[in-house]
Structure formats: structure tokens, C-alpha cells
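Written below as C-alpha cells is the structure these notes are about.
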Amino acid sequence: MANDHVNSKVETVAKDQLFRKCDLSSLKFSTTDDLTDPEESLIGQDRALSSADFGIQMEGEGYNVFALGPEETDKRDLLERMINRQVAEYEPSPDWCYVCNYADEQKPKAIKLPSGKAVRFRQLMHELASDLPNALTSTFESEEYQNQRQAIEEEAKEEEQKTFRELQKKAEKKGLALMSSPSGFTIAPVKEGKVMKEKEVNELPEDERNRLEEEVMNFQKELSEALHRLPGKQRQYREKRQQLDKEVATYAVNDLIKKVEAEFGEFEAVQEYIKQTQEDIVNHVNRIMNPGGQNPMQQAMQQMGGGMPERDTSDPKNDPVLWRYTVNIVVDNSKKTGAPVIYEDNPTYTNLIGRIEHVTSQMGAMTTDFTHVKPGALHQANGGYLLIDAFRILTKPYAWDGLKRALQGKKLKIESPGEMYGLFSTKTLEPDPIDLDVKIILFGDRMLYYLLCQYDQDFNNLFKVEVDFEDVIPWDDQNQELYARLIARMARKAKLKPLDKSGVERVIEHAARLAHDSQKVTAEIRKIEDLLRESDYWSRKNGNQVIKRPDVDRAIQHQHYRSGRLKDRVQEEIKRKNVFIDTEGRKTGQVNGLSVLSIGNTVFGRPTRITARVQLGRGEVSNIEREVEMSGPIHSKGVLILSSFLGARYALQTPLSISASLVFEQSYSGVDGDSASSTELYALLSAIAEIPLKQSIAVTGSVNQHGTVQPIGGVNEKVEGFFDICAYRGLTGEQGVLIPTANVKNLMLKDELVEAVEKGQFNIYPVDHIDQGMELLTDMKMGEKTDSGTYPDDTINARVYEALNRYASIRQKFTALPNGSSK
């Protein structure tokens, strides 16, 4: 069986593969001042730009947008600028305002007006309310009104007097007198023009006395009937006075009403409101002219405070009566062109949906009215676009549910969360819902998007457009030029010093390091912006007129220094030999593995000793980390693959009869990932065959069941982590790192390491298969399987095969014993 990897010799990675240098010689410029801005702030994001353009323009229910990707890609800035370009062609969105509902003040009415009209409407109503008391007062104090009022009152008085005169005459004809007293009317007999006393009446003959009593009783009935008719007549005259008041009031406000109608008569909602306003004014004339007249408690409190203050109608909102005729604008688009584009940085429920404010009255009660209805971001963005950070809205109580309810119902109803969920039933305002037409642009990371897709049943129906931003973009000639122009734009925007060509090249090289790939550069623009600002700082410290490569290098170094305390402490423990890492000699069943630690902004590699022990058993490979629940599922999977590899290669005819254990020495935290699985396999093969491994070479890479070494992440940090320890102890030329061949393209190593490799002081070996790695670590041949099923003598495979057969033979003898427990 031929295996190409067994016969292939592993060469160290070539110099130009350790670090890709940026060459901008084809781009003619001296500094970034000579470069023009790119058309877009993000390059290499064709998919995202196309999706965003579709989402921004697509109409229809549920076509809201979720922009996903790293925060540092500056998704919000790009989307906001794309939207602003689009909405410039749109008509301005309408204004919205709330007015008093005279039939039910607890349910304010919403009025929709064309953009800019609400301010004028409010101004006219403000003028109406301010002029109203004077207009009514002057009209009701006019001589014409007073004469008409006096005529009605005199007519009523004359009618009353006429009724009593007629009753007096009837009484006189019957020999009776009708007298008025504080308790009512009294009827008494009369003799010779004088009221008879009781004694005189008693002295009359019985027939005369009976006649008088009958006359008195009959007249009392007639008097009662007349008195009963009197309130009706008084009511008639009162209604005459009220009708007069209404006619006069209507006349008084007619000019004020017509002024509003002249400008807003074309709007049906305003017409209806103006009509109701005129009726309400006519019905409340007395309250308008005398606002405290019908509230004795208020008058008493004002008098206790030093008398009734002079009324100020300059601001009707503060007047106890005139506030009813003001206008509360919740959306004013008078100063905007195109549709609104709003970013809400604090998307709480009330900041999105709006709120109803309450004020404390003099008696301590909480009161409110339509003038205290306050808009939310959805009101401001209605007819346009609202941008929200997905993580922020999901962490605000009730905000996410409130947004979904508004989008699903296409109505914007202002209510407190307590009312929405029925937690309490305190009486408050119920403003008219407003028609909602808004496109929501959410942005967040990928995990958040996928969780919402999986667990929120409404999400996929409400956010149908996915705008997925790339983390990295290809580093080709076209993108390299665009990236240089992007750097120029960022420097100008931040008002930084220009960069010379060497400075731009170093920034692009660092962008590739951030992308962990020599063929790509990062799309996380904010990290590049930060680097430019810090490079500008060091350039100024150095007194340079432009930002040069050394300035960028200093900025990168200082970034590492600021976040490097933990890395230094970890390496210090190794240097002081508190953590055991060998960098010379050979050991059986022991290999230096490489791992990456990521804590906060700190990412660094560190070597870890991995050991293996083998004994007689049933073919299990035990992961000690898993046994103590310190191993993640991916790491445990990698360990199980080792058993499969051993069985497939060495146990086709005899069973595996070993029990092996693997452990990360001096590991006091969880272990996950499979990037050490090849390292564990090297240690396991070494322990089985009892072949010592070089400790001067560290290893990284995952392995599959066929022994193929697979790529891993963090290769730069891992290589540099082991190099730093070797450099501290002294480079010998024997030290190095085994990496998967597939990871060579990810190498963007630091200058010191590249220089050491160039001088032959440190080595990086790319391997495709576990066999290549074993040969490098042992200086022995792996050995190719012969036709007879055996391996050549003094090869690694032969030693492993012989050891496994030996264990199998011992196990067979053991099971043959009478008391053998193994079956």
C-alpha cells in the first residue's frame, strides 16, 4: 500500500510565506492626501450591499432588515448613508398631532397633516385660544348684548308681575287678600279694605264663615296652579337668555374660527375638530370668561394664597380652561427633507412607543391630559426608517414585544407596559392609535440573529431581509488599492495626519494579521480606524509630518503592551519553571501542544505539556479532562478519533488491548477544541512504541480518522507563543513548530520570528499527515506496510505494531487463566 506522505520530505516554510508584505508600488501616490475616496466605506461587501439595497427599497409586509456581522464592520454607518441617499428622493412624511376629544377627554384624537402643516395649525389654535377670552368678554359687555339681555329679563319680570296682578284682582273680587311672606304666599279675608283678624272671622255667622273658608280653599287651588306654571315660564326665559348667549358667543368666535377654517378647511379631520371646538366654546362661555367661577375650592385656595392672580392667556396650555383648545404636536417634519431616518440608541419601551406624562396637582393627585402625550422613536420615524441595535432592544424590558406588536398591527398605540399586560387598571389616557408605516433596520452579531430565527416565532415573518456582512475580504490587487483609498478616507474623516506609502502598506499588512490570513484583510473597519488614530498619536510624539511605517509599528506594539499583562504572567510562570515546558531533549509520551487564550482584548498563544500513558486494557483511550468534566465536546470528539485511527491501522487482525490515558498537564481550566488532537496522537504513538519525541518542537493541528492533519485557528498566536519561550531560553536552530500545511496561508508572523527563521534559528514545518509529523519528532521512518501485512524493522509503525501485538498476547494469556476476569 503506497502512501505518498510517508516518502515525502517536509521542508520548512519559505520566507515569503511567513509574512506577506504589502507592495503599493503600482499605486502612484506620496501620501494619502493624493488618494481619492472609494465610493463605499466598505469594500468586498457585495453581498451585503446588494441585500441592503433590496431591503431598503423593498416594500411589503415584513420586509424589515437585520444586518448581521461583527460590530467593528461599522454596519450602522454604511446602512445609514445608504438610506439617506435613498430617502432624499422621497416626499416628506406627514405630521401628527393630538387634540382634545370634547366628548371624552380621556381619549385624545389624532390628526394627520401634510409635512409642516402641524406647526401652523398649532399656531392658529394658539392664537384662537389666546384671543378667545377678550373676544367673548368684549362681545358680552357690548351695549347691544346688554340691551337684549335686559329686555329678556324685564319681559320675564313683567310676566311674573302680570300673573300676580291678575291673581290680586281675582282675590279682591272674592273678598280676599293675597299677601307675600318669607315662607310663601298667604290668603286672608278682607273687610272694608282691611285684612280681618282671626277673632273677627270667628265672630262671623257660621254661613259667612263657611263661605269664606270655601273661597280661600278655591283660591289656594288657583294660586297653586299659577305658581306651578311659573317655573315653566322662567325656564322659557332662561332658555331665551341661553340662546342669546349662544348666538352672541357664536358671533364672537366666528372670525377666530373662520381664520382656522380658511387654511385648514380642506382637511376633513380638522373641519370636524373645528366644528366641535366651536360647539365646546359656546357651551363653556362662562368657564372661559371666569375660569375659577365654578370651582369654589380652587377660588378659596387662590384667595388663601393672596387673592386671585391676574389671568395670563399668553400660554393657553397653562390656563385651566383654554388648554382644551391647544394642539400637541407629536411629529413635526417641517424642517426635514425626504423621509425620516432615526437611530434610537436607548430603545426602551417608552422611547420607542411613546409615553403619557403625569403632573402632580395642588391636592397631590396625579393628573394628565392630551398635552402630556409624548412621542417615541417610532413616531419620529413613521413614514421612514428606524435603526436599532438588536442587543440593546432585547435587553430592555417589554421593548421587543412592544416593537413586534406595533409592526404586526401597523398601529402605534401609546400605552404603559402595565396596561398592555393587564398588570394594573389605573385610569389614564387612551390616545387614538396612529397608522404606522416604518421600516426597521436591526443590527447585531450573527449568534443573536440565529437565536432569534430559532426561538422567536415572529422574527422570520417580521425581518425577512438578511444583510450579512463579511468578516474578511480577499486581499487582491483591486481590493488592495480600494483599501488604501479607504485608509485615506478614514484619515481625512478623523482629521489625522496623512500616511505615506510605507505607513499604508503596514496598515494593510496588519489588516491581514487581524484577518488571520495572508490572502485576506479584515473588514472590521473600526479596528483599522483605532490603529490610524494611535499611529497618528505616535507620529506626533516623534515629530513626523506624516504617519510612517515605524509609527504604525509602534502603535501595534503598544496595543499589545497595554493588553499584555496576562500574557506576560503566563510566560513568566513558564520561564520561572513553575509551569513545566521543555524546549530541548527527548521524552517518551510527552509533546508540547499549543493553545490560544482569548480574554477580553487579549489573545495569545501558550505551550502546554501533553502526556500519554499506556497499559494493558480493552482498547480505550481515556481523556482525563473529560473524566473530571473539564473537557468540552469538541475536544472529547478529537480524543475518540484517536481510538479509531489506532484500530484502523494496527488492529485489523488483533483487538486493541491497551488502556491509554491523555492529559493536559498543569491545566486548571476547561479544555475544548480539537486543535491538539494530532499532538495527542503523537504522544500516544510515542508511549505505545516507547519512542522518545523531540521537546524542541511544539505541535498544533487536528487530525481525522485517516491521520490527515487538518487546519486550526490562531496559528500565528500559537507559533509566536512557543517562539517567545524558546527565544528567552536561547534559540538553537533545533526548535520549531509543526503546523498543518493548510494553515501556511494563515501565517502573518511578527518580525522577530521571521528574522529568526531566516537565520535558521527557528523552524516552521508544514505537515499534511500524522506520519510526517512523527518522522520529524523522532528522526525515524514511519515505515510502509508490506504485502505480508507487516512493517519494515526499526520503523515507527513496526514498533507500534509489535507493542500492540505484545499487549494483545498478554491479554489473551490473561483471559485463558482459570480465574481470569477478562473475557
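The values are calculated or read from the model by the stated rules, or taken from the named source; none is laboratory data. Owing to the predicted nature of the structure, the values given are computational and were not obtained by experimental measurement. Cβ coordinates were reconstructed from backbone atoms using ideal geometry, including for glycine residues, and neighbour counts include every protein chain displayed. All accessible areas refer to the heavy atoms of the entire protein, side chains included, with ligands and DNA or RNA removed. Shrake-Rupley method; radii C 1.70, N 1.55, O 1.52, S 1.80 Å.
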Q | Residues that are modelled with pLDDT of 90 or more and surrounded by fewer than 21 Cβ atoms within 10 Å (Cβ to Cβ), drawn from the range 598-607 | A | VAL603
**Q.** Residues located in the range 566-580, provided they are without any contact (Cβ under 8 Å) to a residue 12 or more places away in the chain and among the charged types (D, E, K, R)
**A.** ASP568, ARG569, GLU572, GLU573, ARG576, LYS577
(Q) Can you tell me which condition ASN346 does not meet? The list is (1) part of a loop (DSSP other than H, G, I, E, B); (2) closer than 15 Å to ASP401 by Cα; (3) open to solvent by 40 Å² or more (accessible area, probe 1.4 Å), and all the others hold. (A) (2)
(Q) Of the residues ASP471, ASP477, only one is touching a residue at least 12 places away in the same chain (Cβ under 8 Å), more than 30 Å from ASP104 (Cβ to Cβ) and either polar (S, T, N, Q) or surrounded by fewer than 15 Cβ atoms within 10 Å (Cβ to Cβ) (or both); which? (A) ASP477
Q.
Please list, ordered by residue number, the strands (runs of 3 or more DSSP E) wholly in the range 453-568 having 3 or more residues that are closer than 30 Å to ILE440 by Cβ.
A. 465-468
Q | Boolean, PRO433 is open to solvent by 50 Å² or more (accessible area, probe 1.4 Å) and in contact (Cβ under 8 Å) with a residue 24 or more places away in the chain | A | yes
Q | Lone unmet requirement of (1) closer than 30 Å to SER539 by Cα; (2) open to solvent by 10 Å² or more (accessible area, probe 1.4 Å); (3) among the hydroxyl-bearing types (Ser, Thr, Tyr) for TYR483 | A | (2)
Q | Members of the range 546-575 that are more than 30 Å from LEU594 (Cβ to Cβ) and touching an Asp or Glu at 6+ places or on another chain (Cβ under 9 Å) | A | VAL546, ILE547, LYS548, ASP551
Q: With respect to LYS495, determine if the residue is open to solvent by 10 Å² or more (accessible area, probe 1.4 Å), free of Cβ contacts under 8 Å to residues at least 40 places away in the same chain and touching a Phe, Trp or Tyr at 6+ places or on another chain (Cβ under 6 Å).
A: no
Q) In the range 569-587, what count of residues is obtained for those that are among the polar types (S, T, N, Q) and buried (at least 16 other Cβ atoms within 10 Å of the Cβ)? A) 2
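Table: residues versus (1) open to solvent by 40 Å² or more (accessible area, probe 1.4 Å); (2) among the aliphatic types (A, V, I, L, M); (3) more than 29 Å from ARG576 (Cβ to Cβ).
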site	(1), (2), (3)
ARG729	yes, no, no
GLY733	no, no, no
GLY736	no, no, no
LYS759	yes, no, no
ASP771	no, no, yes
Q | Search result, residues across the range 77-115 that are part of a loop (DSSP other than H, G, I, E, B) and crowded, with 16+ Cβ neighbours inside 10 Å | A | PRO92, SER93, PRO94, CYS100, ASN101, TYR102, PRO108, SER115
Q: Could you tell me which residue of the range 278-300 is modelled with the lowest pLDDT, considering only residues that are farther than 23 Å from THR250 by Cβ and open to solvent by 70 Å² or more (accessible area, probe 1.4 Å)?
A: MET297
Q: Give the residue that is nearest to the chain's Cα centre (by Cα), with candidates limited to residues of the range 116-142 that are open to solvent by 60 Å² or more (accessible area, probe 1.4 Å) and at pLDDT 90 or above.
A: LYS117
Q: Return yes or no: is VAL767 among the β-branched types (Val, Ile, Thr), open to solvent by 10 Å² or more (accessible area, probe 1.4 Å) and assigned by TED's automatic domain parsing to the domain that holds ARG609?
A: no
Q: Only residues that are touching a residue at least 60 places away in the same chain (Cβ under 8 Å), outside any helix (DSSP H, G or I) and either more than 38 Å from the chain's Cα centre (by Cα) or crowded, with 22+ Cβ neighbours inside 10 Å (or both): list them for the range 709-724, please.
A: VAL709, GLY714
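So that you can scan it fast, the table gives a plain yes or no per residue for (1) touching a helix residue (DSSP H, G or I) at 6+ places or on another chain (Cβ under 8 Å); (2) modelled with pLDDT under 85:
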position	(1), (2)
GLY632	no, yes
ILE641	yes, yes
THR654	yes, yes
GLN666	no, yes
GLY673	yes, yes
LEU685	yes, no
ALA698	yes, no
HIS706	yes, no
(Q) Looking at GLY713 and the list (1) modelled with pLDDT of 95 or more; (2) out of contact with any helix residue (DSSP H, G or I) (no Cβ under 7 Å at 6 or more places or on another chain); (3) of a type outside the set (A, V, I, L, M), which single condition is not satisfied? (A) (1)
**Q.** Pairs where the first residue, in the range 43-67, is part of a loop (DSSP other than H, G, I, E, B) and the second is among the polar types (S, T, N, Q), C-beta under 7 Å, 6+ apart
**A.** ILE43/ASN479; GLY44/ASN479; GLY62/ASN461
Q: Return the only residue of ASP530, ASP500, ASP456 being charged (D, E, K, R) and touching a residue at least 60 places away in the same chain (Cβ under 8 Å).
A: ASP500
